[in-house]
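Here's the structure we're looking at; comments come further down.
The values are calculated or read from the model by the stated rules, or taken from the named source; none is laboratory data. Because the structure is a prediction, the values reported are computed rather than measured. Neighbour counts are summed over all protein chains in view; Cβ atoms, including those assigned to glycine, are modelled from backbone coordinates with ideal geometry. For the accessible areas, the whole protein counts, side chains as well, though only heavy atoms, and no ligand, DNA or RNA atoms are used. Shrake-Rupley method; radii C 1.70, N 1.55, O 1.52, S 1.80 Å.
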Amino acid sequence: VTASIGGASARAALDVIATTRSIRRYLDRPVEPAVLSEILFAASRAPSGSNRQLARFLILGATPEAREARLLIAGNARATWAAKAERDAYDLGAAASPKERLARTMREYVEGLADVPVLLLACLIRPGAPASDEGASVYPACQNLLLAARALGLGGVLTRWHRGVELQLADLLGIPAGVAIHATISLGYPAGRHGPVRRIPLRDAVFEGRWGRPAEWISEPAGTRHAGSGQTSG
Ligand SMILES: Cc1cc2nc3c(=O)[nH]c(=O)nc-3n(C[C@H](O)[C@H](O)[C@H](O)COP(=O)(O)O)c2cc1C
């Protein structure tokens, strides 16, 4: 472990951050335990409120219960996506439109979700009563996990596909009362390229001194391309 980072390694770290997209298509290739272990180590380095370290990761591996949990989450994802696709008229666009491409990717993703190489639950042992900001002690770990996966040539996506089936999952997997599931993350070796993440222009996201006042000194790397909110690079 190097304490001082600069030059080429700084550039490499920033490139990892700038190319960590949501990856929803995976090769049919298992993730080696040592690689998964390294990714989880990175996740566990994340900060948490008062350094309480109450984030926990439950890997849905090869046990019958885990298989059942995967099927439950996948069924929930299919239903959730079908409802959203219908609500947002996702399937109606021309075949080549970005919206239609996303719809196809999402459909394939939810259809194959039970069989993704790695599926895990990011959980929090609640320190007290449920609180609306408690996810703040889990999501930094999730992003660390995704960045480490990207650095090691894998890709993944943070999802909320567990929403609505938390009780069944708790029952199946022995998750105690007082533990909240905050994310369902899938991981694997990507079937496509990572490509750059696209976001709104930085000057629309950074203000100085007063809400809405752009920071005049803000700049982006040459060639940065943008996408509005709701659009995705995937
Ligand atoms: C809180 C949160 C919830 C998300 N939920 C889902 C989800 O349920 N399903 C999914 O496929 N992606 C989910 N995502 C991934 C986002 O759709 C993705 O980050 C966004 O579209 C940007 O895409 P990109 O990273 O490929 O640019 C979620 C992301 C976050 C941060």
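Within the range 166-181, if we keep just the residues that are within 15 Å of Leu60 (Cα to Cα) and outside any helix (DSSP H, G or I), the residue that is nearest to the chain's Cα centre (by Cα) turns out to be Ile181. The listed residues are His194, His162, and the only one of them that is modelled with pLDDT of 95 or more, within 16 Å of the ligand (Cβ to nearest atom) and open to solvent by less than 30 Å² (accessible area, probe 1.4 Å) turns out to be His162. Filtered by the rule that a residue be open to solvent by less than 30 Å² (accessible area, probe 1.4 Å) and more than 10 Å from Thr20 (Cβ to Cβ), the range 138-156 gives Val138, Ala141, Cys142, Leu145, Leu154. Within the range 206-229, the presence of a residue that is among the small types (Gly, Ala, Ser) and not in a loop (DSSP other than H, G, I, E, B) is excluded. Looking only at residues in the range 79-103 that are out of contact with any helix residue (DSSP H, G or I) (no Cβ under 8 Å at 6 or more places or on another chain) and not in a helix (DSSP H, G or I), the one that is modelled with the highest pLDDT is Asp88.
With respect to the conditions (1) within 12 Å of the ligand (Cβ to nearest atom); (2) part of a loop (DSSP other than H, G, I, E, B), Asn76 lacks only one, and its number is (2). Sort out which residues of the range 137-164 are assigned to a loop (DSSP other than H, G, I, E, B) and either within 19 Å of Leu40 (Cβ to Cβ) or in contact with a strand residue (DSSP E or B) (Cβ under 9 Å, 6 or more places away or on another chain) (or both), and write them in order of number. Within the range 137-164, Val138, Leu152, Gly153, Leu154, Arg160, Trp161, His162, Arg163 meet the criteria. For first residues located in the range 156-180 and more than 27 Å from Val35 (Cα to Cα), partners that are of a type in the set (Ser, Thr, Tyr) and within 11 Å of the ligand (Cβ to nearest atom) and lie 6+ apart or on another chain with Cβ distances below 9 Å form the pairs Arg163/Thr80; Arg163/Thr184; Gly164/Thr80.
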